[in-house]
Every structure is written in C-alpha cells, then in structure tokens.
Amino acid sequence: QKRTAWWKEAIVYQIWPKSFFSGNGSPTGDIKGIISKLDYIKQLGANTIWLSPHYSSPMIDEGYDISDYENVNPMFGTVADAEQLIKECHDRGMRIIFDLVINHTSDQHKWFQESRSSKTNPKRDWFIWRPARYVDGKRMPPTNWLSCFNQSAWEWDEKTEEYYLHLFAIEQPDINWRNDECKKALLESSMEFWLSRGLDGFRVDTVNLYSKPEQFEDAPVTVPDTYLQPAFDQFCNGPEMHNYLREMGDILEKYDAMTVGELGNTPDVKEVLKYVGFSRNELSMVFQFETMNLGRSQVDWYIQEPWSVADLAKTTEMMQTALTDSGRDGWQTSFLENHDQGRSVSRFGNDSPEHRTTSAKMLSLLVSMASGTMYVYQGQELAMTNVPASWDMKEYLDIGSINYLKQVKDANKGEADMERAKAALRVLARDHARTPVQWTDGPNAGFTAENVKPWMRINDNFKEINAAQQLQDKDSVYHFWQKAIALRVQHPDLFVHGKFSLLLDYKGADKDSKVLAFAKDVRTETEVTPKRSVVLLNLSDAEQPIEVTGLESGKVALSTHHQSTDPVAPLSPYE
Ligand code: TEU
C-alpha cells in the first residue's frame, strides 16, 4: 500500500475510556458506551477517534500499565467489542487510533513475571536489571534518577537482589529495547495484533524514551538538598531512538497508519524534525508541550508560575512554524488538552460563571484555526472545568497527584510548602481531565446508572455544564466548536495547511498585549489575491483595542459575540 498523508486533515477526538460513558451502568465507562456516542462525536465535526488505553491492566496508572496488549480490560469490554468499535467508526466514515504504550509494561505482564523469576530466566534481559551500588555499606540504586512519578526510578527486587528500572510507577517496569527478541515480540503484540484488525494508527506514548543509554550515570544535581534528581537529559532521545522508530515505520507503512508521538522534553527543533520529517518514515506527527508547559516550573512539574500572552504567542509561533516552514517536511499538532493536563478553560481561559462560556469559545479558535492536525479532548467541547477548589485532596485519585503530595510531605518542609503543592494541583493535576463526562443534568450526570457510584466524583457543576443542555442551545460552547470546525473544514488551505504569522510585536512594543493576534495565509505563489484569515483572541477579562492594522476591508467570519460584525471594533472580554 502507498503511504499517504490522510491524517493531515484529521480532526481527532480523544476518549479516555474510564470516564467517557458507561454503556452497561457500571462505575466506569466502556466500549459499548463509546459506540453509542459516536454520532455525537461525528456531529461535532471530528472524523477520527484516539482511544486512550483499553487493554488489560491493573490500572495503577489508569491503563498506561498494560498486562496484555492483545486483550481488553474487562471493565471496558472484550476484543470483539474493540473490533466492533473499529467497524462502527469505519461505517461512519471515521477512523480510529489506539494508544501504544511500549516504553514499559505492567509488572503483571507475563513477560515481566518471567523476567523477575530468576537471573537465568530467558526473559531476564527483556527488562532493565542492574546491581545495587554500595555507599558506606548502604545499598543504593544504580543512579540518582527521579521517576516521572516522584520517586526513585529504580526498584529493589528482593527475590533476585537486583534493581529494575521504571521511569514511571514502580508497577511499570521499563522494557529493554536492546534485546531484539523482546522488541520483536513487543511490536507484534502491541502493533500488528491491532493493525491487522483494521486499526488506523496509534498515539505513541512517551515516544522518545525507548532507547536507554549504554551506561547508566547519575544526573547532575539541579535540585539542592535532595538525593533524587530529574534526569530527562539522561533518558530522553537516546542513541538508538530513530533506528527503533524506522523499524516501527516499516510496519506502519504496510497499513498506511497514522502515528502521533508524545514528545516531551525536546526543545531543539532539529531533534523534533528527526521524528516527523515525512521522508524519514518514522512518525506522522508529534505532540510538543511548549504551550502546555507554559508557566510550569522546570524542576517541579506541578508548580505554576505566571505567564503572559507574549509567552503564549512565542510557543504558538514556534509550534506552528518550526516543522513546516522553510521547505521542511514535518507536520504539527494543535491541542490544548489531554488526559494529563488541567482543563484549558480553567488554565488558559476563565472558568467563572461570567466568562466561562466566552473564554472556552475563544480558546476553541486557538485550537481550530491553527495549522496541523487538531485534537479535542472529551469534555473540552463542553467547556468542562477543573474540579472545585473546595474538594478535599482525597478526591484526587491519580498516582501522579498522590505521589507528588507524598513527596512534599516526606520532604517535611512545613505547612506553607504543602499549601503551595495543593494550590498547584488545583490547577495542574491530571485528575481534572479525568472526572466523568457530564452528559445530562440528571443523576450521575447521565454518565452511568443512577444507583451506582461512579469511580471518580463527578464535578459539582454538571447541572450547568452538560451535553444535553448544550445540544439544545444553539449558542452553546459545543455548537461554537462545531462552527469553528466547519470553518476549518471549509478552508483547509488556510486552517490546516496555511502559513502562520504573528501580527503583533510581542518581543517589543506589544509585549504586554492581552490579545493573541495571528494571520493564516494560503501557501501560494500564483494567486493574485491570496486568501488570508486573521485570528484575534482577547485573553483577558477587560475590553481590548485592536492594534492590528489593515483589517477595515475584512469581514468577521466567526466571533464569540455574534453581534460583532465590525472588524476593527475593540474586543470584548475574552472575545
Ligand atoms: O505521559 C508521559 C509524561 O511524561 C507526562 O506527559 C505525564 O503527564 C507525566 O505523567 C507527568 O506526571 C504518558 C501518558 O500520557 C501518561 O498518562 C502516562 O502516565 C505516562 O505516559 C506513562 O505511561
């Protein structure tokens, strides 16, 4: 089959199955529930589903800890249900991709069970085992690496008296990609099994972590007074990374499959291009996190520092231009939410009753008028918000949040530090994206049967914010997304493939502007009057003058305020 780039114009809707919709009236969502909502998603304008992990899993990291790639978590259904889901998407002219989690398995995967059983087991080398170091007679892990979940990246195994590496939870041992037999079994089990059942591609989890260094060395001390240190430079973008991806590319090519890699901690554009250059046949595209990490402190994932519209302009410009301009053959993504982030309306907009709807509509334009492949996360189309600040921390169920609070508690630095950590979680915890989707204003927000307790508390605001209400209100956030997507689909030359440029001088005269202003131009050398669109987003709760010149002859195509027809009138709050 010839390799095409069908995915460039895909409009992807991400489903996190545990919280999407329960078709069988249990505490969690399931595949039957997803099938029953496909028409809702199609009506929004999305044409591709990304399903977060639905595989067998003890759910320590909510499915990102897979115990069998070729099976489905009974909570969500069966392999036959997953096949039915693929078919139901295809029947509607939609495509579907699954999550591919191949940096680690669950510690319950049979491969790891065998690996840990003895030093001589044939699968011992399928995971990463190292002896202890002894410092002053004290047993220490092989390196000082901090895992992504705030503990040592090495776990001592009593039985065989060695440490194994886990960049995430203790229950997520890292796979040894240097073992060819293991790599072959892994790719067959995780990729071919599903591609041969009609799957259209993958979102590739932690795509730059598979190649570990040959020698494990300590990370330099960047956080004083503590032993464990962030070690991203030690374990990201390792030496064999692109060989592995080319091998995967050969499999994907046979199925003309799409991939979107999750690429963290890679600020160097030249490095990013290696992952997505079309001619290299590795990945279709990647998620870059410069915008999502705005104001996030480098050493503490959760701590939030102030950021400005000028900062947002800078990250947006970089992500919109670096991979596609100047003859580069890469491709980019456009998104503001996923299952690892706080809700965008709470983080980048304003979730107060007065501004929630408007600011969410405004943010929908930042996603849908940007070039590349666009992504919407479940509930984003309804302006679902972060959980209320009044919720006790006990309602936060994510291992990331729990371990983070524990780390702060263990550091024993006092009440002020603890309060700062809680404040950070109220904005950035992954839990905010994981509350059940609010379908109706009825019992359990229509997420499941009324007599069961959903696995996670439903956000208190479901009576005001729910799909049923928004579907019948033509001014709702849902319908605004629908219009924005329709406009994008009508003008792919501008909104999918167009050339991005900022319209204000954010590094100089306009550095304090509250308006994000950018143009999208058709990439053409031949047209006499090429099309241009201008996007003006007021990210503040005050009226802002329009300081962009030359708009008089333009026409307002879409505004959060329908009375706005004058292209040069000041922008209302969050217009
Ligand atoms: O996330 C990888 C990652 O490093 C961060 O983006 C992540 O949010 C991290 O957990 C910080 O706390 C991916 C998945 O998206 C995430 O849900 C999984 O927990 C993780 O991989 C492990 O598979």
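The values are calculated or read from the model by the stated rules, or taken from the named source; none is laboratory data. Only a predicted model underlies this, so the values are computations on that prediction, with no experimental measurement involved. Please note: Cβ atoms are built from the backbone with ideal geometry, for glycine as well, and neighbour counts cover all protein chains shown.
Does the stretch 146-160 contain at least one residue that is of a type outside the set (Ser, Thr, Tyr), modelled with pLDDT under 95 and surrounded by 15 or more Cβ atoms within 10 Å (Cβ to Cβ)? Checked against the condition, which is being of a type outside the set (Ser, Thr, Tyr), modelled with pLDDT under 95 and surrounded by 15 or more Cβ atoms within 10 Å (Cβ to Cβ), the stretch 146-160 yields at least one hit. Cβ separations smaller than 7 Å between residues 6+ apart or across chains give the following pairs from the stretch 459-488 residues that are crowded, with 18+ Cβ neighbours inside 10 Å to residues that are in a helix (DSSP H, G or I) and acidic (Asp, Glu): 477/381; 478/381; 481/381.
One residue stands out among those in the stretch 89-116 that are in a helix (DSSP H, G or I) and either more than 16 Å from the ligand (Cβ to nearest atom) or among the β-branched types (Val, Ile, Thr) (or both): the one that is farthest from residue 189 (Cα to Cα), which is 91. Candidates in the stretch 167-183 are the residues that are among the polar types (S, T, N, Q) and more than 13 Å from the ligand (Cβ to nearest atom); of these, the one that is surrounded by the fewest Cβ atoms within 10 Å (Cβ to Cβ) is 179. For the stretch 427-480, the tally of residues that are of a type in the set (Phe, Trp, Tyr) and under 20 Å from residue 361 (Cα atoms) stands at 4. Scanning the stretch 191-202 turns up no residue that is surrounded by 18 or more Cβ atoms within 10 Å (Cβ to Cβ), more than 27 Å from residue 260 (Cβ to Cβ) and away from the ligand (no atom under 16 Å from the Cβ). Only a single criterion out of (1) closer than 30 Å to residue 160 by Cβ; (2) not in a helix (DSSP H, G or I) is not satisfied by residue 26, namely (1).
Of the listed requirements (1) over 27 Å from residue 326 (Cα atoms); (2) at pLDDT 95 or above; (3) part of a loop (DSSP other than H, G, I, E, B); (4) not aromatic (Phe, Trp, Tyr), residue 566 misses just one: (2). Residue count for the stretch 320-333 satisfying the condition of being more than 16 Å from the ligand (Cβ to nearest atom), crowded, with 22+ Cβ neighbours inside 10 Å and not in a loop (DSSP other than H, G, I, E, B): 1. Identify the single condition in (1) buried (at least 23 other Cβ atoms within 10 Å of the Cβ); (2) small (Gly, Ala, Ser); (3) away from the ligand (no atom under 16 Å from the Cβ) that residue 344 does not satisfy, given that it satisfies every other one. Looking at each condition in turn, residue 344 falls short on (3). Scanning the stretch 169-220 for residues that are part of a loop (DSSP other than H, G, I, E, B) and either in contact with a His (Cβ under 6 Å, 6 or more places away or on another chain) or of a type in the set (Gly, Ala, Ser) (or both) returns 169, 172, 173, 196, 198, 211, 219. If I ask for residues that are within 14 Å of residue 67 (Cα to Cα) and touching a Phe, Trp or Tyr at 6+ places or on another chain (Cβ under 8 Å), which ones from the stretch 170-184 would you list? Across the stretch 170-184, the qualifying residues are 172, 173, 174, 175. Just to be sure before I move on: is residue 148 within 13 Å of the ligand (Cβ to nearest atom) and in contact with a helix residue (DSSP H, G or I) (Cβ under 9 Å, 6 or more places away or on another chain) in the structure I sent? Against the criterion (within 13 Å of the ligand (Cβ to nearest atom) and in contact with a helix residue (DSSP H, G or I) (Cβ under 9 Å, 6 or more places away or on another chain)), residue 148 qualifies. The condition of being touching a residue at least 40 places away in the same chain (Cβ under 8 Å), within 15 Å of the ligand (Cβ to nearest atom) and out of contact with any Pro (no Cβ under 7 Å at 6 or more places or on another chain) holds for only one of 206, 226, that being 206. Tallying residues that are touching an Asp or Glu at 6+ places or on another chain (Cβ under 9 Å) and surrounded by 24 or more Cβ atoms within 10 Å (Cβ to Cβ) within the stretch 23-33 yields 2. Restricting attention to the stretch 30-54, the residues being within 16 Å of the ligand (Cβ to nearest atom) and either in a loop (DSSP other than H, G, I, E, B) or free of Cβ contacts under 8 Å to residues at least 24 places away in the same chain (or both) number 3. Per the listing 291, 259, 266, 316, the residue uniquely within 16 Å of the ligand (Cβ to nearest atom), touching a residue at least 24 places away in the same chain (Cβ under 8 Å) and not in a loop (DSSP other than H, G, I, E, B) is 259.
Could you please find all residues in the stretch 387-409 being within 16 Å of the ligand (Cβ to nearest atom), assigned to a loop (DSSP other than H, G, I, E, B) and crowded, with 22+ Cβ neighbours inside 10 Å? Across the stretch 387-409, the qualifying residue is only 396. Taken over the stretch 424-458, the criterion of being away from the ligand (no atom under 16 Å from the Cβ), surrounded by fewer than 20 Cβ atoms within 10 Å (Cβ to Cβ) and assigned to a helix (DSSP H, G or I) is satisfied by 443 alone. Only one of the listed residues (516, 571, 558, 536) is over 30 Å from the mean Cα position of the chain (by Cα), under 25 Å from residue 481 (Cβ atoms) and surrounded by 16 or more Cβ atoms within 10 Å (Cβ to Cβ). That residue is 571. Entry remark, the stretch 230-256: residues being in contact with a Pro (Cβ under 8 Å, 6 or more places away or on another chain) and within 16 Å of the ligand (Cβ to nearest atom) number 3 in total.
Remark: residue 299 matches the filter, which requires a residue to be touching a residue at least 60 places away in the same chain (Cβ under 8 Å), out of contact with any helix residue (DSSP H, G or I) (no Cβ under 9 Å at 6 or more places or on another chain) and in a loop (DSSP other than H, G, I, E, B). Of all the residues in the stretch 151-163, those that are away from the ligand (no atom under 16 Å from the Cβ) and either closer than 14 Å to residue 115 by Cβ or in a strand (DSSP E or B) (or both) number 7.
Going by the structure shown, is residue 510 more than 22 Å from residue 326 (Cβ to Cβ) and either crowded, with 18+ Cβ neighbours inside 10 Å or modelled with pLDDT under 95 (or both)? Spelling it out, residue 510 is indeed more than 22 Å from residue 326 (Cβ to Cβ) and either crowded, with 18+ Cβ neighbours inside 10 Å or modelled with pLDDT under 95 (or both). The set of residues in the stretch 383-411 being out of contact with any Gly (no Cβ under 9 Å at 6 or more places or on another chain), under 20 Å from residue 297 (Cβ atoms) and among the polar types (S, T, N, Q) consists of 401, 403, 407. For the condition under 21 Å from the mean Cα position of the chain (by Cα), β-branched (Val, Ile, Thr) and either within 16 Å of the ligand (Cβ to nearest atom) or on the phi < 0 side of the Ramachandran plot (or both), residue 78 does not qualify.
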